[in-house]
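The values are calculated or read from the model by the stated rules, or taken from the named source; none is laboratory data. None of the values given here were measured: they were computed from a predicted structure. Reconstructed Cβ throughout: ideal geometry from the backbone, glycine too, with neighbour counts over all protein chains shown. When the accessible area is computed, the model is the full protein with side chains, heavy atoms only, and any ligands, DNA or RNA have been set aside. Shrake-Rupley method; radii C 1.70, N 1.55, O 1.52, S 1.80 Å.
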Amino acid sequence: MTNITSPSLPFLPFSKPTIDEATIAAVGDVLRSGWITSGPKVQAFEAQLSGYFGGRPVRTFNSGTCTMEIALRIAGIGPGDEVITTPVSWVATANVIIEVGATPVFADIDPITRNIDLDKLEAAITPRTKAIIPVYLSGLPVDMDRLYAIARQYNLRVVEDAAQAFGSSWKGQRIGAFGDFVSFSFQANKNITTGEGGALVLNNLEEAKLAEKFRLQGVSRSGVDGIDVDVLGGKYNMSDIMAAIGLGQFANIEAITAHRRALARHYFAQFGSGFEAASGAQLPVADFDNSNWHLFQIILPDQGPDTRATFMRQMAELNVGTGFHYAPIHLFSLYRARGFGEGMFPHAEKIGRLTVTLPMFYAMTLADVERAVAAVNSILIK
Ligand SMILES: *Cc1c(COP(=O)(O)O)cnc(C)c1O
């Protein structure tokens, strides 16, 4: 029997972008064209994304962070307003709330889905609450019907942090094709990438116009040389170089999502029904309809403060890469200084300490999944 956990095999990273030759050639064409900043490729990418999201307006940006900040600004959210989000996300999700001068409020996660617990979200609403930022961790949406019922009931704006959920859906509808603001990231590890970048789905052309101003210094132009600045904007535009990568990636979205779902299914098949009992670890929710399987994350059995570091080191020794997504935001120094601390969100704190991300990317093979599972089993099952 071959030992597929052999350290002599090449290192299997937990994530890796796949850029095909046609995309590389398209980037070369942009570089030779004489127009490399925002131009025809950005317009084409936005038009394709808008078509994908049922004709809703879409604007592109240079990150999936400024998209959320700009959505909050369009919604008029600022000092004195509270915005509720999850403590288990990339820190960007909460940072943008502080960035616009509003107050971040956290609600603990559901330990099964690892997404924000909507009961706790509802309980955290106060008269100052103006918006909610749900996060679809690993690409698994929350209960979208319930989310929007809460938003309607309390008259709240929703900025969906769908950074990880490009290609995900809810009851047959694409994430992004419905709802309020929907923010996507095209950072290098995401299911489709532009190197760095993001897109925001908006509700109408008025919001889209405002988004265009916020992404480029507040400028609006008219006629041959008409120019005005009536809001304070930043410098957040996507370049045609990035958009050319995005167009090449987006052309492959159905295959990317299907392959990730197949890899996830194979993970479950390889771990088998006895894995959780034998290892003490917890597998993710086995959803193959809604999730785009951006990440495949397991929760380790608790063996003290060094549990995850030890596991990650042992996996690396077997030449299998891992990551962790995420350390709880409310325990970072910046947030402790705002009054947050240990014990406030127990599920987030436990999962933030014990979650580990296994390899999952488009170029992975079923044999790579088997290798990752064999490595996990060799460490966790005695
Ligand atoms: C990647 C990510 C972001 C930030 O996206 P950037 O494009 O890196 O700014 C925000 N939230 C979540 C959940 C993410 O995964």
Legend entry - Residue within the stretch 23-41 that is modelled with pLDDT under 95 and out of contact with any helix residue (DSSP H, G or I) (no Cβ under 6 Å at 6 or more places or on another chain) present: no
Inset, instruction - Say whether the condition of being buried (at least 20 other Cβ atoms within 10 Å of the Cβ), assigned to a loop (DSSP other than H, G, I, E, B) and either in contact (Cβ under 8 Å) with a residue 60 or more places away in the chain or in contact with a Lys or Arg (Cβ under 9 Å, 6 or more places away or on another chain) (or both) is met by at least one residue in the stretch 260-271. - result: no
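For the stretch 103-116, which residues satisfy the criterion of being of a type in the set (A, V, I, L, M, F, W, C) and either under 13 Å from Ile329 (Cα atoms) or surrounded by 24 or more Cβ atoms within 10 Å (Cβ to Cβ) (or both)?
Of everything in the stretch 103-116, those that are of a type in the set (A, V, I, L, M, F, W, C) and either under 13 Å from Ile329 (Cα atoms) or surrounded by 24 or more Cβ atoms within 10 Å (Cβ to Cβ) (or both) turn out to be Val105, Phe106, Ala107, Ile109, Ile116.
So if I check each of Ile125, Ile84, which one is open to solvent by less than 10 Å² (accessible area, probe 1.4 Å), in contact with a helix residue (DSSP H, G or I) (Cβ under 8 Å, 6 or more places away or on another chain) and either at negative phi or aromatic (Phe, Trp, Tyr) (or both)? Walk me through how you get there before you give the answer.
Details: Ile125 fails: open to solvent by less than 10 Å² (accessible area, probe 1.4 Å).
So the residue among Ile125, Ile84 that is open to solvent by less than 10 Å² (accessible area, probe 1.4 Å), in contact with a helix residue (DSSP H, G or I) (Cβ under 8 Å, 6 or more places away or on another chain) and either at negative phi or aromatic (Phe, Trp, Tyr) (or both) is Ile84.
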Legend entry - Positions within the stretch 88-102 being surrounded by fewer than 18 Cβ atoms within 10 Å (Cβ to Cβ) and more than 16 Å from the ligand (Cβ to nearest atom), in sequence order: Gly101
Legend entry - Residues that are surrounded by fewer than 22 Cβ atoms within 10 Å (Cβ to Cβ) and away from the ligand (no atom under 13 Å from the Cβ), drawn from the stretch 54-72: Gly54, Gly55, Arg56, Pro57
Legend entry - Sole residue being surrounded by fewer than 18 Cβ atoms within 10 Å (Cβ to Cβ), modelled with pLDDT of 95 or more and farther than 15 Å from Ile298 by Cβ, chosen from Ile253, Ile245: Ile253
Inset, instruction - Would you check if there is a residue in the stretch 21-41 being under 30 Å from Asn252 (Cα atoms), within 16 Å of the ligand (Cβ to nearest atom), touching a residue at least 24 places away in the same chain (Cβ under 8 Å) and of a type outside the set (Val, Ile, Thr)? - result: no
Inset, instruction - Taking Ser38 as meeting all but one of (1) open to solvent by 30 Å² or more (accessible area, probe 1.4 Å); (2) under 23 Å from the mean Cα position of the chain (by Cα), write down the number of the exception. - result: (2)
Inset, instruction - Write out, first by first residue and then by second, each pair whose Cβ atoms fall under 7 Å of each other, whose residues are 6+ apart or on separate chains, and whose first residue, in the stretch 103-122, is within 20 Å of Arg157 (Cβ to Cβ) and at pLDDT 95 or above while the second is among the basic types (Lys, Arg) and not in a strand (DSSP E or B). - result: Ala107/Lys120; Leu118/Arg146
Legend entry - Enumeration of residues in the stretch 127-162 that are within 16 Å of the ligand (Cβ to nearest atom) and β-branched (Val, Ile, Thr): Ile132, Ile133, Val135, Val142, Val158, Val159
Legend entry - Filter result (assigned to a helix (DSSP H, G or I) and touching a residue at least 24 places away in the same chain (Cβ under 8 Å)) within the stretch 190-232: Leu205, Glu207, Ala208, Leu210, Ala211, Glu212, Phe214, Arg215
Inset, instruction - Answer yes if at least one residue in the stretch 305-317 is over 22 Å from Phe14 (Cα atoms), among the hydroxyl-bearing types (Ser, Thr, Tyr) and out of contact with any Lys or Arg (no Cβ under 9 Å at 6 or more places or on another chain), and no otherwise. - result: no
Legend entry - Answer residue from the stretch 165-196, given it is within 16 Å of the ligand (Cβ to nearest atom) and of a type in the set (Phe, Trp, Tyr) and is surrounded by the fewest Cβ atoms within 10 Å (Cβ to Cβ) among those: Phe181
Inset, instruction - State which residue pairs qualify: first residue modelled with pLDDT under 95 and inside the stretch 332-349, second residue surrounded by 12 or more Cβ atoms within 10 Å (Cβ to Cβ) and not in a helix (DSSP H, G or I) in any location, beta carbons under 6 Å apart, and separation of 6 or more residues or different chains. - result: none
Inset, instruction - Take the stretch 137-164 and flag every residue that is surrounded by fewer than 17 Cβ atoms within 10 Å (Cβ to Cβ) and of a type in the set (S, T, N, Q). - result: Gln153, Asn155
Legend entry - Checklist (1) in contact (Cβ under 8 Å) with a residue 60 or more places away in the chain; (2) under 21 Å from Ile116 (Cα atoms) applied to Phe311, failing item: (2)
Legend entry - Hits in the stretch 197-222 (condition: of a type in the set (Gly, Ala, Ser) and more than 9 Å from the ligand (Cβ to nearest atom)): Ala199, Ala208, Ala211, Gly218, Ser220, Ser222
